[in-house]
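Structure first, commentary second.
The values are calculated or read from the model by the stated rules, or taken from the named source; none is laboratory data. None of these values were measured; they are calculated from a predicted model. Methodologically, a virtual Cβ is constructed for each residue, glycine included, from the backbone with ideal geometry; neighbour enumeration extends over all protein chains shown. Surface areas here come from the heavy atoms of the whole protein model, side chains and all, with no ligands, DNA or RNA. Shrake-Rupley method; radii C 1.70, N 1.55, O 1.52, S 1.80 Å.
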Amino acid sequence: MKQQSENKGFKLRIPPWLLDGNTRVRLLFIGLSLILWFLIKLSKTGYVSTIDFAIEYSDLPKGMVFTEKPPKSLKIKLQGSGYNLIKYAWFNYRDLDVDLQNLESNRKGQNYWTSESSRNYLEAQLSDENTRILEVHPDTVFFKISQLLTKAVPIKVRYKALFDTNAYVLYGAPKLAQDSVWVEAPANVLNRLNHIETEMITIPEAQDSLEFDLKLIAPDYPHLHLNQESVELKLYFSALTEGKVQIPITAIHLPDTVQMELFPSQVELTFRCALRDYRDIRPEEFEVYADYQEIVKNPETRFLSLSTENPPSQIRALQLQPKRVEYLISKP
């Protein structure tokens, strides 16, 4: 009963003339007339509207890639029927295709596309042949593209030794299955690549040899690809040992009019090397010098400093004892 009372009250608040049957029919016909009028208006051509169209790019020349992302959309000013303009603006009309097969280039080598040369191609993608493109913004689009090139780039091994490097040493350079990897990338990226690094490995203790299958870390550049994901690595180790040799001191830059005697005339040279190389070290491979030019620069000096040059490549550390010597100069 309460609900019926509320409904009755609601009806009483509606103007009586609206409840009249003839009035409702009239309103219905007025509404239909407005709709028909609106539809007739929309069917006419001559309407103009600027609409954002999403863009897809096709037929980029083979072996070429974008080095910077191109525009995702174009603002296109259309003239056509109201139906089509509403469809393009409101109902997510399909993306338009921009064909890059025949890009133009200027004297600076910049590649670009113009809407003028592609207007017919764009209009052909619209669903209504009566819709015309009046303007495209931007009317010229410049592209940064580059050719994909391939070159061999050296591999750099990354490792960290946790063992005592004063007692053991990595013997020789890391042995890779191949010392480089083929990299495909745009030319501007390849020009910046000096090496490709491996993942970091940790070596807790030294052994005669260790083998790893290391992942190659590709730099984070677009369109860069490695022809392999990993590389095999072998490491060899050796204990360090110490040796001593007596080496005669050679005076250098000595004038013909001067004789010089050194005290002492020999020096004890202490070196460290891999145990595997110890038997190959020969005393005659070492050279120790005292430079007469030190006296020329400082005539009051009593001592000459000693130096070595070109020690054997296997030597890890080198010490001289003594580091300076006295001298006596005489004339022949």
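Suppose the chain between Ile252 and Ala167 were pulled fully straight at 0.36 nm per residue; how much longer would it get relative to their current alpha carbon spacing? Here the segment from Ile252 to Ala167 would lengthen by 27.0 nm. Each Lys and Arg Cβ is given +1 and each Asp and Glu Cβ -1; about its Cα centre, region 217-310 then shows a dipole of about 280 debye. Binning the C-alpha pair distances of region 179-332 at 5 Å intervals from 0 yields a P(r) profile of 2, 7, 13, 11, 9, 8, 8, 8, 8, 8, 8, 6, 3, 1, 0, 0 %, listed from the shortest bin outward.
For region 93-136, a Kirkwood hydrodynamic radius built from all Cα pairs, placed in the Stokes-Einstein relation at 37 °C and 0.692 mPa s, yields a translational diffusion coefficient of 275 µm²/s.
Computed from the C-beta positions of Glu284 and Arg192 and an R0 of 51 Å, the FRET efficiency is 0.65 to the nearest 0.05. The distance between label points at Thr301 and Gln266 comes to 2.5 nm (points 7 Å beyond Cα on the Cα→Cβ vector).
Surface composition of region 223-302: carbon and sulfur make up 44 percent of the accessible area, probe 1.4 Å.
Placing a label point 7 Å from the Cα of Asn120 along the Cα-to-Cβ direction, the residues of region 73-114 with a backbone N closer than 19 Å are 97-104, 113-114. In this rough spin-label picture, where each label sits 7 Å from Cα along the Cβ direction, the Met200-Lys72 distance is 3.6 nm.
Using a Förster radius of 41 Å, what is the FRET efficiency between Gln147 and Ala239 based on their Cβ-Cβ separation? Nearest 0.05, please. It comes out at approximately 0.20. Sorted largest first, the spans of the alpha carbon positions of region 149-205 along the three principal axes are 46, 17, 14 Å.
Centroid-to-centroid, using Cα positions, region 273-332 and region 48-84 are 75 Å apart. In loop segments of region 271-332 as defined by DSSP, the trypsin sites (Lys or Arg not before Pro) with at most 14 further C-beta atoms inside 10 Å of their C-beta are Arg302, Lys323. Taking each residue as 0.36 nm, the span from Asp220 to Lys323 lengthens on full extension beyond its C-alpha to C-alpha distance by 32.0 nm.
With 0.36 nm allotted per residue and the present C-alpha distance subtracted, the Ser105-Glu135 stretch has 8.6 nm of extension available.
Of the chymotrypsin sites (Phe, Trp or Tyr not before Pro) found in region 128-201, those in coil by DSSP whose Cβ has at most 15 other Cβ atoms within 10 Å are Phe163. Quick one: which of Lys77/Lys144; Lys69/Lys108; Lys215/Lys244; Lys156/Lys244; Lys87/Lys144; Lys297/Lys323 span more than 31 angstrom between C-alpha atoms? Distance filter (> 31 Å) returns Lys215/Lys244; Lys156/Lys244; Lys87/Lys144.
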